[in-house]
Amino acid sequence: KNQVEQSPQSLIILEGKNCTLQCNYTVSPFSNLRWYKQDTGRGPVSLTIMTFSENTKSNGRYTATLDADTKQSSLHITASQLSDSASYICVVGNTGTASKLTFGTGTRLQVTL
Amino acid sequence: DAGVIQSPRHEVTEMGQEVTLRCKPISGHDYLFWYRQTMMRGLELLIYFNNNVPIDDSGMPEDRFSAKMPNASFSTLKIQPSEPRDSAVYFCASSFRTPTDTQYFGPGTRLTVL
C-alpha cells in the first residue's frame, strides 16, 4: 500500500532558527515528490517538485532533499520567520498521473518570538 | 490572473440537503482537480478533469458525490444528499499542461453539515 509518513507531527521553533521536516514514503513506482506549504485557512502552495534524478532543490530559504534509495525526503528551512508558520505537506506521485498522488498528513510548524 | 476561484467560501447546511460547490480554474490550465481535506485523513484527491473530461473519479467517496465541468472555466462538485461526515474543506486546483505540473489551489470551501 502506498503511504507517505511525515515527522514530526508538529514543531515549535524560535524565529531565526533552522529546522528540518522529514518525509518517508513507500510509493512505488516513484515519479515525483512535492512539498506544499499551507497557511491556516488557505489552499496549499507548491514549494518544490523533485523527480527521481534530483536530490536537492531550493526555493529561497527552503531546501528539499530526496534520497530515492532510502525513500526519504527532507525540507530544511533556514533562518525561520514568523511567516513560515504553516502546515507542510509531502506529496508523492507515481506513474506521473495526478490520480496516483499519495499525501502525507503534514507537519504543523509554529515559529515564535 | 486572479488565481483559482471557489465559491462559496463557507457553507452550512442540514443533513439531507443538496450542496453545490463551484470552481473557476486559472485561464489556460488544462487540468482541474477536486480535493477534500479533513484533520483525520488530510488531503484526498476526489476527481480530476483534463480539457473538461473526467479522467479519474476513483477518489469520489460514493454515489452521493458528483462533479461536472461543462466548460474550461467552470466546474461543480455536488453532494446529494449531504451527511455530517461530509464536513470538510473542499479545494479546487488547476495545472497548466500535465497533472504533474505545479498545481495551483483555490482558497477552499469549508462545508459544515449539521
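The values are calculated or read from the model by the stated rules, or taken from the named source; none is laboratory data. Here the structure is a predicted model, which is why all the values come from computation and not from measurement. Cβ placement follows ideal geometry from the backbone for every residue including glycine, while neighbour counts extend to all protein chains displayed.
Descriptive notes on the structure:
- Selected residue [touching a residue at least 12 places away in the same chain (Cβ under 8 Å) and within 14 Å of chain A (Cβ to nearest Cβ)] from B:ASP86, B:ASP56, B:ASP30: B:ASP30
A quick yes/no check of all residues on (1) of a type outside the set (Phe, Trp, Tyr); (2) modelled with pLDDT of 95 or more; (3) crowded, with 20+ Cβ neighbours inside 10 Å; (4) over 20 Å from B:SER82 (Cβ atoms):
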position: B:VAL12; (1), (2), (3), (4): yes, yes, no, no
position: B:GLU18; (1), (2), (3), (4): yes, yes, no, no
position: B:LYS24; (1), (2), (3), (4): yes, yes, no, yes
position: B:LEU43; (1), (2), (3), (4): yes, no, yes, yes
position: B:ILE55; (1), (2), (3), (4): yes, no, no, yes
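- Residue match in segment A:71-82 (condition: at pLDDT 95 or above, closer than 19 Å to A:LYS1 by Cα and within 13 Å of chain B (Cβ to nearest Cβ)): no
- Counting only strands (runs of 3 or more DSSP E) that sit wholly inside segment B:7-77, those with at least 2 residues that are under 26 Å from A:CYS90 (Cα atoms) are B:19-24, B:31-38, B:42-50, B:53-56.
- Selection status of A:GLU5, outside any strand (DSSP E or B) and of a type in the set (Asp, Glu): no
- Restricting A:GLY93, A:GLY104, A:GLY43 to those that are in contact with a Leu (Cβ under 8 Å, 6 or more places away or on another chain), within 24 Å of B:GLU44 (Cα to Cα), facing chain B (nearest Cβ under 8 Å) and not polar (S, T, N, Q) reduces the list to A:GLY93.
- Look at segment B:94-114: where a residue is more than 8 Å from every other protein chain (Cβ to nearest Cβ) and assigned to a loop (DSSP other than H, G, I, E, B) and a partner is surrounded by fewer than 20 Cβ atoms within 10 Å (Cβ to Cβ) and small (Gly, Ala, Ser), sitting 6+ places away or on another chain with Cβ atoms under 8 Å, you get B:PHE96/B:GLY28.
- Residues (surrounded by 14 or more Cβ atoms within 10 Å (Cβ to Cβ) and of a type in the set (Val, Ile, Thr)) located in segment A:61-77: A:THR63, A:THR65, A:ILE77
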